[in-house]
Amino acid sequence: MEALQISLGITVRLVQYTPDAPRIVAAASKMSTSRKGSPELLKIDESEVETWIRETLKRGHLSPWEHSSYTFIVEGCSRVCSHQLVRHRIASFTQQSMRYTEASLREMALTAASKLGLECPQRPKGERAREVYACYSESLRRAAEGLSLEEMVRLASTAYVIPPSLSDEKRLEAYARGLLLATSTYYRLLSTGAPKEDSRFIIPMAVRTKLTFTMNGRELVASFLPLRMCTHAQWEIRHVAWLTWSELMKVHPQLFKYAGPSCVLLNNGQLEDPAGLEDYLSGKTRFVIAKCPELVPNKNIPSCLLFASRSLSGNPLEPESSAGEDETGGASE
């Protein structure tokens, strides 16, 4: 069988932000050393906005960036990824509950039933709820036993993230079948009257979820993006981080063109003037630091950065393993 091309199915959308954040960041920065009143400070022209943004980066004076706020909706990532995301403390999070919803599991069960010619009701309501859950369970069990590998993988991907490292046929078969059987067990538990909040314990962490998160500009440029855009971050949250950066660049390139993995943040602190991420990626700006915070030596940093940038295209890791495994020197989970 040819290698299946399964989309990661993860999206990041910027849904709300401080509209005039670059000007506010610049004005707040200038205010700290100026006697002028706020009306005059806010009248600074675009060239001065750029000057003060660069000045904050040069001096590591990032508190003015906290006056900008960005809210994102992430959909389709796994709970492996979301557990890492919520570790960022200067942020707000709201996540889909699996005490009250079945995420995309019901869609997967109904698709399985349709493929096998079984008639399962769309919604488990009232006195028939247990009977409906039993139908979902049976559909998924039969799918795990009777569908082709390609059909199993595509079915599983509706509710679960498929890691790129599992593209090998034997791995895919074991993985996809395991997901279908685990979900079958989940619905079998529900069919016995077990509560969702306890039945969910059997669901694999690969299950897709959705969440809203809000961060200020400083947290994004000094913590989240440096840590999570790096090759030493786990591949899925690295993918989310690069998508987040891409969304930010659509609205405020004046601020976030300087953002990037920790090597970029550290190197910019050593330059007379900070450089944009795209200048580093193109080779226009060279790294002067001896090694990055993850101990990658200077000569290897450019190729490491290029590897990390592959996350934007949905190809975040090599066939066998991520560049962020423990043996490379302290990966983030």
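The values are calculated or read from the model by the stated rules, or taken from the named source; none is laboratory data. As the structure is a computational prediction, the values presented were derived from the model and not from experiment. For neighbour counting, all protein chains shown are included, and Cβ atoms are generated from backbone atoms with ideal geometry for every residue, glycine included. The area values use the complete protein model at the heavy-atom level, side chains included, leaving out ligands, DNA and RNA. Shrake-Rupley method; radii C 1.70, N 1.55, O 1.52, S 1.80 Å.
Accessible surface calculations at 1.4 Å, restricted to protein heavy atoms, place the chain at 48 Å² per residue. Unpaired cysteine residues in the chain (no second Cys Cβ under 4.7 Å): Cys230, Cys304.
In order along region 111-120, the phi-based Karplus estimate (6.51 cos²θ - 1.76 cosθ + 1.60, θ = phi - 60°) of 3J(HN,Hα) comes to 5, 4, 4, 4, 5, 9, x, 9, 10, 10 Hz; Gly and Pro are listed as x. This model, with +1 at the C-beta of Lys and Arg and -1 at the C-beta of Asp and Glu, gives the chain a dipole about its Cα centre of some 740 debye. Each peptide in 251-257, 147-153 was scored by the mean count of other Cβ atoms within 10 Å over its residues; highest first, the order is 251-257, 147-153.
Once C-alpha pairs closer than 8 Å and six or more residues apart are averaged by separation and normalised to the residue number of region 103-202, the relative contact order reads 33 percent. Measuring nothing but protein heavy atoms, the accessible surface of the chain at 1.4 Å probe radius is 50 percent carbon and sulfur.
Holding the Cα-Cα limit at 19 Å, pick out from Lys257/Lys284; Lys58/Lys257; Lys210/Lys257 the pairs that are longer than that. Violating the 19 Å Cα-Cα cut-off are Lys210/Lys257. Separation of region 66-119 from region 235-268 is 23 Å, based on Cα centroids. Relative to the dominant Cα principal axis of the chain, helix 46-59 is inclined by about 80°.
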